[in-house]
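Notes to accompany the following structure.
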Amino acid sequence: MTRFFVEAQDLSGDTLHLTGENFQHAKVLRLKPGERMLVCDGQGEEALCAVRQVGAAELELEVLERRESETEAAVRVSVYMAFPKADKLEHVIQKATELGAYEIVAFPSARCVSRPDEKSLKKKLERWQKIAASAAEQSGRGRIPEVVTLGSFKEALGRAKQADKALLFYENEHAVTLRMALESGAFQTVSLLTGPEGGLEEAEVDQARKAGLQVCTLGSRILRCETAPLCALSAVMYAAGEF
């Protein structure tokens, strides 16, 4: 079923109106009176609607039913990724959204080559959020994951540790596997933290341990920085019964 995202305040009332880009998309789809669609607020609430009237600049919809999204994961997984080079973060944002991530958080670490300044970061954030919105629409999500940027590795640790399971992945960890970490207790929220192309420094891993994060391995093979977070996210979703 066709899905549109609107601002939360635009989802109230018995009649909704699609304008702007949503209206242009609806025109491309050639939606006609009587056809049904879902209109979502991007925060987990949605309305089943039927087209009432097609105007010159808007689509008038009748609300048939309001409900919570049925496609959101029961577990909230936050993906923390150190700034990578090129467009690798865009790939992770798109795929993590499809896999059900609650949010994607980018941060700097010692070995990051990419260190966007405040001006460029503002433009990048707008693009990254649009990528998340597009992926959420394509994959049938009821919520658009927020893309967050932080100013330091310390800030990332302080935020990540608040989850029921706060996990950091390190190629030199051999004793604790992701499976072991997930089986050690129940969880509703999970933070998954991975490094950049050059990995995390040992001092950063020690800092994470002291902050309360569980350091894990993703296996005997070295994964690329854009592969590791998606691998971990998929494993958590499987363990939570989402697949």
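The residue that is farthest from Val75 (Cα to Cα), among those in the range 192-243 that are small (Gly, Ala, Ser) and open to solvent by 50 Å² or more (accessible area, probe 1.4 Å), is Ala203.
Is it true that Arg111 is part of a loop (DSSP other than H, G, I, E, B), of a type outside the set (Asp, Glu) and open to solvent by less than 40 Å² (accessible area, probe 1.4 Å)?
For Arg111, the condition - part of a loop (DSSP other than H, G, I, E, B), of a type outside the set (Asp, Glu) and open to solvent by less than 40 Å² (accessible area, probe 1.4 Å) - is not met.
Run down Glu58, Glu35 and say which single residue is open to solvent by 50 Å² or more (accessible area, probe 1.4 Å), touching a helix residue (DSSP H, G or I) at 6+ places or on another chain (Cβ under 7 Å) and not aromatic (Phe, Trp, Tyr). Being open to solvent by 50 Å² or more (accessible area, probe 1.4 Å), touching a helix residue (DSSP H, G or I) at 6+ places or on another chain (Cβ under 7 Å) and not aromatic (Phe, Trp, Tyr) holds for just one of Glu58, Glu35, which is Glu58. Consider Gln9 carefully, then state whether it is open to solvent by 10 Å² or more (accessible area, probe 1.4 Å), assigned to a helix (DSSP H, G or I) and under 28 Å from Gly158 (Cβ atoms). For Gln9, the condition - open to solvent by 10 Å² or more (accessible area, probe 1.4 Å), assigned to a helix (DSSP H, G or I) and under 28 Å from Gly158 (Cβ atoms) - is not met. Please go through the range 87-136 and give me each residue that is within 23 Å of Gly199 (Cβ to Cβ), hydroxyl-bearing (Ser, Thr, Tyr) and at pLDDT 95 or above, ordered by number. Within the range 87-136, just Ser109 meets the criteria.
Among the residues of the range 137-156, the one identified as open to solvent by 50 Å² or more (accessible area, probe 1.4 Å), closer than 19 Å to Glu7 by Cβ and modelled with pLDDT under 95 is Glu137. Restricted to helices (runs of 4 or more DSSP H) entirely inside the range 143-243, no element has at least 3 residues that are among the β-branched types (Val, Ile, Thr). Checking the structure you have, find out if any residue of the range 73-88 is surrounded by 15 or more Cβ atoms within 10 Å (Cβ to Cβ) and free of Cβ contacts under 8 Å to residues at least 60 places away in the same chain. No - not one qualifying residue is present in the range 73-88. Here Arg30 does not fit the description of being touching a residue at least 12 places away in the same chain (Cβ under 8 Å), open to solvent by 70 Å² or more (accessible area, probe 1.4 Å) and over 30 Å from Thr189 (Cβ atoms).
The values are calculated or read from the model by the stated rules, or taken from the named source; none is laboratory data. Every value quoted in this text rests on a predicted model; they were computed, and no experiment measured them. Cβ coordinates were reconstructed from backbone atoms using ideal geometry, including for glycine residues, and neighbour counts include every protein chain displayed. Ligands, DNA and RNA are excluded from the accessible area calculation, which covers all protein heavy atoms including side chains. Shrake-Rupley method; radii C 1.70, N 1.55, O 1.52, S 1.80 Å.
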